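Report on the structure given below.
Values in this text are rule-based calculations from the coordinates and carry no lab data. Bear in mind the structure is a predicted one, so any value in this text is a computation, not a measurement. Don't worry about glycine lacking a Cβ; one is built from the backbone with ideal geometry, like all the others, and counts go over all protein chains shown.
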Amino acid sequence: MSGEGGDTFIPYGRQEVTEEDIAAVTRVLRSDFLTQGPEVPAFERVVAAHCGARHAVAVNSGTSALHLACLALGLGPGDVLWTSPITFVASANCGAYCGAAVDFVDIDPRTRNISPAALEEKLRKADRQGRLPKVLVVVHFAGRGAEMREIAELARAHGVRIIEDAAHALGGAYDGRPIGCGAWSDITTLSFHPVKIITSAEGGMALTNDDALAETMRLLRAHGITRDAARLEHDDAPWYYEQHTLGMNYRMPDVLAALGRSQMGRLTTYVERRAALAKRYHALLAGLPLTLPPKDDARHASAWHLYAVEVDEEAAGKTRREVFEAMRAANIGVQVHYIPVHLQPFYRQRGFGPGMFPAAEAYYARAMSLPLFPTLSEGDQDRVVATLREALR
Ligand SMILES: *Cc1c(COP(=O)(O)O)cnc(C)c1O
């Protein structure tokens, strides 16, 4: 794409596919197994080792990983799932898939993650009303770890299970430990969609340290069918298998696992590059009428999936929409992450509406994500900054 000035389009996120990745994929295409071969377990081992998790269950999307995680934790009709309103719809929809009610916990305006104070108050109220959630989906927005120490303590005190939605956060760390290590949750889910930290085109993974949860998720990703001789109830013939529960076909093909595994070799350099570019944005954007995302600190080493600024409309004398449109007109692919999930028509039909999560709504009113991906050049980043500076004048 080319703009009026001939400037090339800079998207907000972009994958990198190398010749090495292509070779890894074509090797599988020439092999005996396009799916259900050795690549999926090999990819699972690499991700589990990087994250410090005991088990990794690869599936065909991050959304599938969230669904399996909810099912494994026993979420069903009559239950309640809570998540952040500032996330992709999948973090909430996984509850609806299971027939559970979905509700939200407002964010901390500084971190854009679930506010432990809001969670504490909402848990206390829910406890009094006998309407505690079964599952809390904690999103590590933009790749920065949510306040898991505080959140896990509150959830445990009320018997609430935790899923970390780490679709943005592979390669990040919280409290000195890799996101996905499971120290503060039951299951962590990842996404390998092309805009995320690494890609398998489509794909996702569920990480856990719990043997039983891992086994349930493996069963559920492939129809609920087992061939494990120790588990068969009615026969032991060589062709025999049994369906023990209602599973899905959420399998990841080997072709895509090979791409994901090849990309894992660059995870560390990707996250370092993202962090360096984020630091550069911080320096170059200082003093403009913007609220910048929280910097890394002793507890948080973000994976920097997104660099989301908030436009200070009063100080700028411009609306976010005007700034957004000026950026798009200059061929810069800014985006807004996210429209609060509770304001989506599907959730409005279920009783939600404006004013219910004021911090999330205030953030959304001013938010804009700037381009950030490992192959973004400093020259292109300078063009983003110069265009934004101009748009804010
Ligand atoms: C991308 C994303 C998902 C869904 O992942 P898919 O692989 O696209 O299904 C879930 N949660 C969050 C926060 C995401 O950004």
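The angle between the Cα long axis of helix 116-128 and the longest principal axis of the Cα atoms of the chain comes to about 50 degrees, rounded to the nearest 10. By the Kirkwood approach, averaging reciprocal distances over each pair of separate Cα atoms, the chain gets a hydrodynamic radius of 21.9 Å. In terms of surrounding Cβ atoms within a 10 Å radius of their Cβ, M217, M248 rank from fewest to most as M248, M217. Annotation: lysines with alpha-carbon distance below 23 angstrom to K196 (same-chain offsets under eight excluded): K279, K295. Taken about its Cα centre, the chain carries a charge dipole of about 520 debye when Lys and Arg each add +1 at the Cβ and Asp and Glu each add -1 at the Cβ.
Using a simple spin-label model with pseudo-atoms 7 Å out from Cα toward Cβ, S377 and R393 lie 2.4 nm apart. Annotation: extensible slack from A49 through E20 equals 8.3 nm (criterion: 0.36 nm per residue apart, minus Cα-Cα distance).
Packing here is the average count of other Cβ atoms within 10 Å per residue, and on that basis the peptides 198-207, 113-122, highest first, run 198-207, 113-122. Per residue, the chain reaches -11500 deg cm²/dmol at 222 nm when only DSSP H runs of four or more residues are counted, each adding -39500 (n - 2.57). Scoring 73-79, 105-111 by mean Cβ neighbours within 10 Å over their residues and listing the highest first yields 105-111, 73-79. Net charge of the neighbourhood of N209, taken over other residues with C-beta under 9 Å away and scored Lys/Arg +1, Asp/Glu -1, is -2.
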